[in-house]
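The structure under discussion appears below in the form of structure tokens.
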Amino acid sequence: MLIHCNIRIKGIVQGVGFRPFIYRLATTLNLKGFILNTDDGVFIEIEGEKKRIKKFVEIIKKEPPPLAIIDNIIAEFQSRLKNYKKFTIKKSITTGVHHTLVSPDIALCDECLKELFDKNNRRFFYFGINCINCGPRFTIIKDLPYDRKNTSMNKFNMCSDCNNEYHNPLNRRYHSQPNCCSICGPNLFLYDNRKNQIKFRNSCELFTKIAQLINRGKIIAIKGIGGYHLVCDAENTNVVKELRKRKRRKHKPFAIMSKNIESIKKFCYLSVFEERLLKSRERPILLLRWKENDKIISKQVAPYLKYLGVMLPYTGTHYLLFNYVNKNLIFTSGNLSEEPIVFRDEEVFDRLGRIADYILTYNRTIVMNNDDSVLMEFRRFPYIIRRSRGFVPKPVITHKTKHKILGLGAQLKNCFALYFENKVIISQHIGDLENFETFIHFKNSLKHFCHLFSFKPDIVAYDLHPEYIITKYINEIVPVETRRVGVQHHFAHLVSCLLDNNIKDREEKFIGIAFDGVGYGDDGNLWGGEFFVFNSKEYKRVAHLKYTKMPGAEMAIKEPVRMCISYLYELYGDDILKKILFRSDKIENILYLIKNNINTPLTSSVGRLFDGVSALLRICSMADYEGEPAVLLENIISYKKIIDKCYNFCIEENDGKYIVNYNPIFEAIITDLEKKEDKESISIKFHNTIIEIILEISRLIRDKDNINKVALSGGVFQNRYLLHKTVEKLEKDKFKVLFHREIPTNDGGISAGQVIIAS
Ligand code: ZN
Ligand code: ZN
Ligand code: FE
């Protein structure tokens with residue numbers, strides 16, 4: 001007996017080859033009817049034997065196309081037949097209200113790669129090659145539903161060959177919206193930095209030319225998927241130094257792109273899991289252990305560091321480039337120091353003309369910028385440091401909300417988040433909201449997301465820090481009538497960790513450890529070494545690091561030596577000058593601020609404690625980038641020495657709270673320095689001490705509150721030594737440990753925590 005069935009599917013089902021997949025599936029199962037894209041997913045009407053329809057639904061659920069994410073399928077059977085004669089793909093119907101999801105941008109797939117280098121293929125050497133399984137998505141979509149007219153491919157009319165592929169259900173490019181070739185699609189253009197166009201006859205000539213330029217030590221801005229990269233020879237110290245000078249970036253490491261896994265193995269250690277992450281379709285920058293004796297990559301790429309950010313090619317342009325260049329290349333975001341990445345063609349000469357010697361571009365607009373994602377491997381899985389290209393705007397699924405909640409995020413490493421239905425959509429990496437350009441960029445990106453997802457927030461969650469630009473100018477971001485919920489910074493960190501661990505229960509209590517730089521606390525002090533008992537509704541601060549003065553406030557972050565003096569003053573008082581092991585002409589001034597309480601906010605931050613120790617060991621007394629003192633302190637650990645010892649600390653009880661007193665740590669480090677103990681051993685012992693503090697306090701809370709699950713969050717947990725050992729030791733002590741995966745542990749994850757708390 002034949003039966004009729006209406007099926008609605010929600011999720012990432014547009015732009016991922018879903019309709020052709022359904023077409024082929026229906027045809028093989030001999031089912032008739034149609035499929036079309038709607039505002040909120042796809043709609044299918046299908047007729048055939050009930051058994052076959054059930055199988056049809058089963059296969060959709062179990063084996064959807066690789067990029068599809070199915071959120072929800074509803075199938076309704078009806079007895080009345082419409083007697084369809086065949087299965088067809090119908091035109092999309094839209095009402096202007098969209099809720100469907102958008103696929104992230106995906107690295108070139110293996111089939112396209114084969115075609116790119118196949119002389120007999122019509123896309124041989126065509127940089128813009130893509131198919132239904134790969135290529136740009138999020139960065140070219142202006143509007144939903146995902147049809148060509150709503151993307152920046154709209155100005156390119158398909159040639160007859162492309163058109164045939166597009167309409168052939170058996171072709172890999174069937175209904176692939178960015179489908180194009182060298183005849184009908186975007187093309188490459190090369191300019192010098194004074195806008196003079198450099199002509200070439202074909203791709204071969206172009207890339208030969210670019211290879212020559214790179215070999216001659218030139219810096220080239222290359223338009224990628226989500227913005228411009230600055231590209232140059234990573235093996236040539238002179239050009240790397242020149243890039244640092246032009247980009248005004250002293251020490252902050254650059255990412256590199258390497259031809260393939262074999263070439264990476266020449267200068268980095270690589271596990272099978274790391275290899276898998278490098279080759280994943282998200283194609284992130286992966287932090288890899290740099291071989292100590294490497295002579296290939298210039299030390300200037302990542303000065304003083306033991307880890308290198310490395311990625312593999314992910315677009316046609318990249319592969320073509322490496323076909324001609326036999327070097328490892330710097331691929332760093334095209335921007336000046338902390339400004340947002342350049343992605344608009346009209347800005348490129350103004351903003352990058354003084355950094356790059358040449359500019360390689362193409363004539364398809366990037367609708368929304370998207371930096372490369374950065375991650376490291378932790379316990380065989382990704383641990384995301386910067387969540388952007390390849391991941392955005394894939395939703396994080398959680399419990400349902402009736403509201404539409406916007407989370408504004410933090411000041412540094414900003415991402416905002418939208419929460420509706422059961423989805424949290426985290427924006428691409430916006431950057432540090434410390435300059436006007438980034439704030440404008442924040443507002444534009446937010447506008448785009450709200451438009452794309454038909455999202456008008458009824459609640460807005462913001463960080464309590466009164467000096468955050470997004471908190472200060474919140475009225476420029478949302479209308480006055482939108483309900484506002486202020487969320488404490490570390491509470492947001494910890495709840496983002498619950499979200500990352502798929503914890504939907506809002507009642508169960510956890511021990512939360514939030515260690516980071518600084519975040520605004522409920523008492524007006526700058527927190528950052530916090531122990532909470534919490535769930536996603538509320539928290540209680542049960543322990544923290546003893547407060548210290550931050551002489552000069554923000555200045556103390558840029559000059560860690562200030563923190564060092566502050567900690568030592570706590571310990572020695574006025575005897576400090578007798579004890580201090582280094583000379584700085586600033587000491588007197590800094591002491592003056594401390595003694596007279598001038599511009600010295602109090603902080604309990606673990607990040608600052610790392611700064612203080614890093615300055616005391618004279619590893620870093622001036623920070624060139626955020627977190628540098630701590631990064632360098634971790635970096636001197638070679639993993640060749642095994643030291644289990646740690647320093648003493650005391651836990652004092654005050655007002656029902658545990659206060660960790662670090663004075664004995666500094667006392668012991670000074671003694672070690674006097675004994676000429678090497679810095680590596682001191683760093684290891686210091687790290688061990690932080691881990692011991694975590695263990696001790698967690699045990700105290702477990703004994704008192706009978707909670708055994710510990711969540712770790714905050715930027716400090718990007719420290720590998722600390723992360724590995726903390727998790728290991730807590731687990732050994734029978735704690736269940738929750739750590740981050742897909743949501744950054746740093747401030748990039750704040751907005752995701754904010755929206756859950758505000759729901
Ligand atoms: Zn492909
Ligand atoms: Zn074509
Ligand atoms: Fe933070």
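The values are calculated or read from the model by the stated rules, or taken from the named source; none is laboratory data. What you see is a predicted model; the values in this text were computed from it and never measured. Cβ: placed from backbone, ideal geometry, glycine included. Neighbour counts: every protein chain shown. In case anyone asks, the SASA skips ligands and DNA or RNA and just uses the protein heavy atoms, side chains included. Shrake-Rupley method; radii C 1.70, N 1.55, O 1.52, S 1.80 Å.
Considering segment 631-718, the qualifying strands (runs of 3 or more DSSP E), each wholly inside and each with 3 or more residues that are farther than 20 Å from F735 by Cα, run over 650-654, 657-661. Elements of the type helices (runs of 4 or more DSSP H) sitting completely within segment 270-382 and holding at least 3 residues that are in contact with a helix residue (DSSP H, G or I) (Cβ under 8 Å, 6 or more places away or on another chain) and open to solvent by less than 30 Å² (accessible area, probe 1.4 Å): these cover 316-324. Of all residue pairs spaced 6 or more apart or on separate chains, those with beta-carbon atoms under 9 Å, a first member in segment 396-415 that is free of Cβ contacts under 8 Å to residues at least 40 places away in the same chain and a second member that is small (G, A, S) are K402/S759. Counting only residues that are open to solvent by 20 Å² or more (accessible area, probe 1.4 Å) and without any contact (Cβ under 8 Å) to a residue 60 or more places away in the chain, segment 184-196 holds 1 of them.
Of all residues in segment 405-422, those being open to solvent by less than 10 Å² (accessible area, probe 1.4 Å) and either among the polar types (S, T, N, Q) or more than 16 Å from ligand 3 (Cβ to nearest atom) (or both) number 6. Any residue in segment 506-514 that is among the acidic types (D, E), under 24 Å from N435 (Cβ atoms) and open to solvent by 60 Å² or more (accessible area, probe 1.4 Å)? No.
Consider segment 714-759. How many of its residues are hydroxyl-bearing (S, T, Y) and under 20 Å from I503 (Cα atoms)? Counting residues in segment 714-759 that are hydroxyl-bearing (S, T, Y) and under 20 Å from I503 (Cα atoms) gives 3.
Scan segment 64-87 and give yes if some residue there is more than 16 Å from ligand 2 (Cβ to nearest atom), within 30 Å of S203 (Cβ to Cβ) and among the small types (G, A, S), otherwise no. No; the residues of segment 64-87 include none that is more than 16 Å from ligand 2 (Cβ to nearest atom), within 30 Å of S203 (Cβ to Cβ) and among the small types (G, A, S). Go through S176, S160 for me and flag whichever is of a type in the set (S, T, Y), open to solvent by 60 Å² or more (accessible area, probe 1.4 Å), more than 16 Å from ligand 3 (Cβ to nearest atom) and under 30 Å from T88 (Cα atoms). The match here is S160. For segment 583-603, the candidate set comprises residues that are touching a residue at least 60 places away in the same chain (Cβ under 8 Å) and touching a Ser or Thr at 6+ places or on another chain (Cβ under 8 Å); within that set, the residue that is surrounded by the fewest Cβ atoms within 10 Å (Cβ to Cβ) is L602. As a summary of the residue check, T471 satisfies the conditions (1) more than 16 Å from ligand 3 (Cβ to nearest atom); (2) part of a helix (DSSP H, G or I); (3) in contact with a strand residue (DSSP E or B) (Cβ under 6 Å, 6 or more places away or on another chain); (4) not acidic (D, E) except for the one numbered (1). Surrounded by fewer than 21 Cβ atoms within 10 Å (Cβ to Cβ) and either more than 16 Å from ligand 3 (Cβ to nearest atom) or modelled with pLDDT of 95 or more (or both): does that describe K402? The answer is yes for K402. Regarding F449, is this residue aromatic (F, W, Y) and either within 16 Å of ligand 1 (Cβ to nearest atom) or part of a loop (DSSP other than H, G, I, E, B) (or both)? When the stated conditions are applied, F449 does not pass them. Filtering N130, N163 for residues that are of a type outside the set (S, T, Y), at pLDDT 95 or above and within 12 Å of ligand 1 (Cβ to nearest atom) leaves a single hit, N130.
Yes/no per residue for (1) open to solvent by 10 Å² or more (accessible area, probe 1.4 Å); (2) under 21 Å from I426 (Cβ atoms); (3) within 16 Å of ligand 2 (Cβ to nearest atom):
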{"residue": "I106", "(1), (2), (3)": "yes, yes, no"}
{"residue": "D110", "(1), (2), (3)": "yes, no, no"}
{"residue": "L113", "(1), (2), (3)": "yes, no, no"}
{"residue": "F117", "(1), (2), (3)": "yes, no, no"}
{"residue": "N120", "(1), (2), (3)": "yes, no, no"}
{"residue": "C131", "(1), (2), (3)": "no, no, yes"}
{"residue": "F138", "(1), (2), (3)": "no, yes, no"}
{"residue": "P145", "(1), (2), (3)": "no, no, no"}
{"residue": "N150", "(1), (2), (3)": "yes, no, no"}
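The set of residues from segment 601-625 being assigned to a loop (DSSP other than H, G, I, E, B) and of a type in the set (G, A, S) comprises S604, S605, S621, A623. Note on segment 734-759: residues that are open to solvent by 10 Å² or more (accessible area, probe 1.4 Å) and under 13 Å from the mean Cα position of the chain (by Cα) total 3.
Consider segment 51-103 and keep the residues that are small (G, A, S) and out of contact with any Cys (no Cβ under 8 Å at 6 or more places or on another chain). The one that is farthest from F138 (Cα to Cα) is S79. Of all residue pairs spaced 6 or more apart or on separate chains, those with beta-carbon atoms under 6 Å, a first member in segment 151-164 that is touching a residue at least 40 places away in the same chain (Cβ under 8 Å) and a second member that is outside any loop (DSSP other than H, G, I, E, B) and away from ligand 2 (no atom under 14 Å from the Cβ) are T151/I140; T151/I141; S152/I140.
For R8, state whether it is modelled with pLDDT of 90 or more, basic (K, R) and either within 23 Å of L452 (Cβ to Cβ) or within 16 Å of ligand 1 (Cβ to nearest atom) (or both). So R8 passes the test. Going by what's in this entry, would P178 be described as within 16 Å of ligand 2 (Cβ to nearest atom) and in a loop (DSSP other than H, G, I, E, B)? Considered against the rule, which asks whether it is within 16 Å of ligand 2 (Cβ to nearest atom) and in a loop (DSSP other than H, G, I, E, B), P178 comes out as yes.
Restricting the search to segment 719-733, which residues are open to solvent by less than 20 Å² (accessible area, probe 1.4 Å) and either free of Cβ contacts under 8 Å to residues at least 40 places away in the same chain or assigned to a helix (DSSP H, G or I) (or both)? If the condition is that a residue be open to solvent by less than 20 Å² (accessible area, probe 1.4 Å) and either free of Cβ contacts under 8 Å to residues at least 40 places away in the same chain or assigned to a helix (DSSP H, G or I) (or both), then Y721, L722, L723, T726, V727, L730 are the ones that fit.
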